[in-house]
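Written out below as structure tokens is the structure these notes cover.
Quick note: the coordinates plus some simple rules give every number you see, no bench work behind them. Keep in mind it's a predicted model, so treat the numbers as computed, not measured. FYI the Cβ positions are ideal-geometry reconstructions off the backbone, even for glycines, and counts take in every protein chain you see.
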Amino acid sequence: MIGGRAPLLLLALLPLVQSSAAVRAAFIAPSPTTASSSSARRELITSTTPSSSSSSSPPSSLASSPTMGKARIGRKRMDAAVIVRLNARPQSRSRHVQGNMLGRRTINDFETTLPPRWESSLEAAIAAAMHAPNHRRTEPWRFYLLGEKSRGRVCALNAELVASSRGEEAGREKFRRWMCIPGWLVVTCVKKVGDGDGGGWDMADPTGTAREDYAACCCAVQNLCLSLHSRGIGTKWTTGAVNFDGRFADAVGFRTDEEYTVGTIWFGTPLRTPSPPVKKLGLEDVLTRVD
Ligand SMILES: Cc1cc2nc3c(=O)[nH]c(=O)nc-3n(C[C@H](O)[C@H](O)[C@H](O)COP(=O)(O)O)c2cc1C
């Protein structure tokens, strides 16, 4: 229950809260409820379509989402002044960023409905993904936000693959489980962009475009996951056999001669967060100081 003085206090704090909106929008906002309505966030997100702010959207709402299909993040440059503002106060930023990175976990169990304003969080996360380091600036990442139909097609395909290797009942069980996952984002890497500027399309070539574009896409996925995590949305990066079956590309809507899957990113409100994995190696095992 809010006491009698609380509304006055909130009014007094409002300008303060508003002036720090840009910082909160810098993907360090720990609360999913604080970041969605900030105007600074809208400066960051260059979506050409307004995002829905419906609360507690059920999974099926993905199908009618205005951002369904290819994510519609525009090409507008992020305002340099906004980036400068977001990078203010390096000490406290460092604490938040480090905490956010160490606290992210792969989530296995999600609530069945997406949290309020999930779309604006997802758009912010895709904006973060698009700012991943990227040699030759090929911008090789593409994002597919799956709606009800495409999700159903992917789940059915996966069930078929599971059934053929582990039996009908295993396939049905997998289908049931996958259909409960509320958020689906497929990230692909475009093949051959950047060819002709020094990089060949050969994964075996360590300086070729193929390997560097895949590396950039992996950085993009991590940016995306960290951004969502900072807003209370958990993720799981998955790369099962289904992702590399030609029918998966058909179900999602991309061409295998143009793009390949980097991962399916499941997202939603975590039902529980696993403990951090026990690391086999310590700093001394992985860090060699070279004179
Ligand atoms: C490229 C890639 C693919 C992954 N694919 C799967 C997967 O198919 N299934 C799965 O359970 N986890 C998958 N993961 C998540 C890892 O299992 C997870 O990151 C690892 O267990 C460490 O846990 P943490 O993310 O909580 O630190 C994948 C991670 C990466 C980077």
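Kindly work out what percent of the DSSP beta bridges joining two residues of the range 185-291 are antiparallel, to the nearest 5.
90
Hey, rough spin-label estimate for HIS135 and ALA88, points 7 angstrom out along Cα→Cβ, what's it come to in nanometres?
Here the answer is 3.7 nm between the modelled labels.
Peptides 173-179, 274-280, 230-236, 157-163: what's the order by average Cβ count within 10 Å, highest mean first?
Ranking, from highest mean packing down: 230-236, 157-163, 173-179, 274-280.
Using a basic spin-label model with each label point 7 Å from the Cα along Cα→Cβ, how many nm lie between ALA80 and THR238?
Going by the 7 Å Cα→Cβ label model, 4.4 nm.
Excluding same-chain residues fewer than 8 positions from LYS191, which aspartates and glutamates have a Cα within less than 20 Å of its Cα?
Of all the aspartates and glutamates, those that pass the test against LYS191 - Cα under 20 Å, at least 8 places apart if same chain - are GLU139, ASP202, ASP205, GLU212, ASP213, ASP245, ASP250, ASP257, GLU258, GLU259.
Hey, with R₀ at 41 Å, roughly what FRET efficiency would ASP285 and ARG247 work out to, going by the Cβ-Cβ distance, to 0.05?
0.45
Relative contact order for the range 105-181: what is it in percent, counting Cα pairs under 8 Å that are at least 6 residues apart?
Result for the range 105-181 is 27 percent.
Hey, rough spin-label estimate for GLU169 and TRP201, points 7 angstrom out along Cα→Cβ, what's it come to in nanometres?
Computed distance between label sites GLU169 and TRP201 equals 4.6 nm.
Under the rule a/c < 1.5 gives rounded, and otherwise a/b versus b/c splits prolate from oblate, where does the range 110-214 land using the Cα gyration tensor?
Since a/c reaches 1.5 but b/c is at least a/b, the shape of the range 110-214 is classed as oblate.
Applying the Karplus parametrisation 6.51 cos²θ - 1.76 cosθ + 1.60 with θ = phi - 60° to the phi angles of the range 231-239, what ³J(HN,Hα) value in whole Hz is obtained for each residue in order, glycine and proline being reported as x?
Values, residue by residue: 10, x, 9, x, 9, 9, 8, 10, 9 Hz.
May I ask for the net charge around SER164, where only other residues with Cβ less than 14 Å from the Cβ of SER164 are counted and Lys, Arg are +1 while Asp, Glu are -1?
Taking every Cβ under 14 Å from that of SER164, the sum is 0.
Once the piece of chain linking VAL97 and TYR260 is laid out straight, how much longer is it, given 0.36 nm per residue of separation minus the C-alpha distance between them?
55.6 nm
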